[in-house]
1. Set the Förster radius R0 to 45 Å, insert the Cβ-Cβ distance between L159 and E339 as r into 1/(1 + (r/R0)^6), and round the FRET efficiency to 0.05.
2. Measure off 7 Å from each Cα along the Cα-to-Cβ vector at R256 and R490, then give the distance between these two points in nanometres to one decimal.
3. List the GluC sites (Glu not before Pro) in region 368-449 that DSSP assigns to loop (not H, G, I, E or B) and whose Cβ has at most 10 other Cβ atoms within 10 Å. Which are they?
4. Can you compute the FRET efficiency between H322 and E35 using 1/(1 + (r/R0)^6), with r the Cβ-Cβ distance and R0 = 35 Å? Round to the nearest 0.05.
5. Could you list M225, M69, M168 so that the one with the fewest beta carbons within 10 Å of its beta carbon is first and the one with the most is last?
6. In which sequence would V27, V280, V151 go, from the one with the fewest C-beta neighbours within 10 Å to the one with the most?
7. Would you work out the Kirkwood radius for region 402-461? I mean one over the mean of 1/r across all pairs of different Cα atoms, in Å.
8. Let me know the number of lysine pairs in the chain closer than 20 Å at the Cα, not counting same-chain pairs under 8 apart.
Amino acid sequence: MFDAIVIGAGVGGLASAIAIAAEGLKVCVVEAADEPGGKMGRAVVDGVEFDTGPSVLTLPDVFEDLFAMADLRMRDLVTLRQPEPGFRYLYADGAVVDVYHAAADTIDSVRRSLGADAADELERFLSYSKGIWDAAAPVFVYGDAPNVKSVLAAGPAALAGLTKVDAMSKMWGAIEKRVSDPHLRMLLARYATYNGSDARSAPATLNCIAHVELGLGGYGVEGGMFVLVRALVTAAEKLGVCFRYGTPVSGVMLERKLFGERVLGVELEDGTALSAPRVVANADVAHVVESLLPAKLRHGIPVTETPSMSGYTGVIRARRRHGDDARVAHTVLFPRDYEAEFADIFDRDRPPAEPTVYLCAQEANHGRRGWDEEEPVFIMANAPAEPRRGHRDDSVYRTLGDVTMARTREAGLCDADDELVWERTPRQLATRFRGSRGSIYGAASNNQTAAFQRPSNRVSKVKGLFLASGSAHPGGGVPLAALSGRAAARAALEQRA
Ligand SMILES: Cc1cc2nc3c(=O)[nH]c(=O)nc-3n(C[C@H](O)[C@H](O)[C@H](O)COP(=O)(O)OP(=O)(O)OC[C@H]3O[C@@H](n4cnc5c(N)ncnc54)[C@H](O)[C@@H]3O)c2cc1C
């Protein structure tokens, strides 16, 4: 008998397990895959390990807090890196913009590449972006799932602050209003994709992501993002959490009570039952609702109809480059028409004809060593999530993969004979993460009320069931999924056994 069972060892599940076990409860994490990490995964080819999911770590303080719960210091387990420049943006007209860890260095760089007016626009934009973050983060990121009642209860000062979140404007429109340089517009609009959303329809509140990335800064992790996964497992194990890998859960066991259902534990695919009065589901919410709960409870939890973007991803074994030719940590190769990419994905529901290509040179970003002569370069192109029923034909993704590789080669970012050694299409992502439809960040934030529509971390109709993942409050991305885990843990700890 455990005090809590966590279904899934993704970031949200690990964070939840740590926060619950830190209060002295007995926790077991049950993971379908053979190792932890979930979407923050890794693969090994010819003895070289590389990340297959995230490559930028933001808001590291979220993790510092988690390690502290296990009396550990993050810096003893995880070394953060600040490669310079961090990002190189390449435009179809030949313009190049480098982004640095410190905002002041980025503004200087924009001055050199795009001119003084663009640099001034960026400086003003970052101040607007910080204003949104300062007002929005306590309520929509760090707090419990917001609803109209909780927002009103926050009091007049908090309500006045919320008018700063620019929720009634659209992200793209707010950028156009403040920034005239077309290159800078594209760079800033791209942050919608950090949430898998459409810059044309997402609320301008998402412009706070520019502050998170350019103001607070994104980091690499020495040895790769999976080092963070291993460190979180170390922290959890120090607190006595047990892990069972290769153990898919087939259902949440429930007991009918007078006013709804109560959790009894989980049933494993091999028929074994594990008892606990609390179950935290780190699996994608749609999988929990459609496969782990009885049909009669399906209407109690909102499953999104508008999943965030998916992505075609791959890893190239690319000839190592040296000196001035060396790869920068992250490269973004923009298309000629960026709005058309959003229109392809969200209006026409098809992979973009000319996708933005994102590359992460894992040696430069994470300081990890590749093969003798080659380095692992992660590539990604945005794509729509898989359909609600069925799936797209593989040939669609073959074309997207070919276009992505061709664009990478044409831009000189890899050589003609550099080989793709690992690949995951949106369809494969959807199969690996059940219920995700290949979506990377859970629900898209393509309307003003998206933050209120995300499933809360507490399931009101089922006592003892909690949701902790990128598809629940406060949403996707590594730090937010961890915060989802913490919010679920808070709710779970409030419940008396
Ligand atoms: C290609 C890619 C690039 C990304 N880039 C970034 C980035 O640069 N920065 C960033 O911050 N974020 C990025 N993200 C997003 C980030 O990785 C995710 O938001 C985050 O890792 C999701 O964590 P999660 O807690 O939702 O759990 P998940 O990663 O979804 O893990 C859930 C776990 O639950 C397990 N599970 C599911 N069902 C069951 C079951 N029935 N029984 C047992 N176990 C089960 C699964 O096997 C899985 O391990 C990226 C994601 C991808 C895929």
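FYI, it's all coordinate maths here, none of it is from the lab. These numbers come from a predicted model, not from an experiment. All Cβ positions, glycine included, derive from the backbone under ideal geometry; neighbour counts span all protein chains shown.
1. On the way: r = 34 Å, r/R0 = 0.76.
That pair, L159 with E339, gives E of 0.85.
2. 3.5
3. On the way: sites: E373, E374, E410, E419, E423; in loops: E373.
Within region 368-449, the qualifying GluC sites (Glu not before Pro) (loop, at most 10 other Cβ atoms within 10 Å) are E373.
4. Details: r = 34 Å, r/R0 = 0.96.
The computed FRET efficiency comes out at 0.55.
5. Numbers: M225 28, M69 20, M168 11.
Least crowded to most crowded, the residues run M168, M69, M225.
6. Values: V27 28, V280 32, V151 17.
Exposure proxy ranking, most exposed first: V151, V27, V280.
7. Values: mean 1/r = 0.0660 Å⁻¹.
In region 402-461 this quantity evaluates to 15.2 Å.
8. The number of close lysine pairs in the chain is 13.
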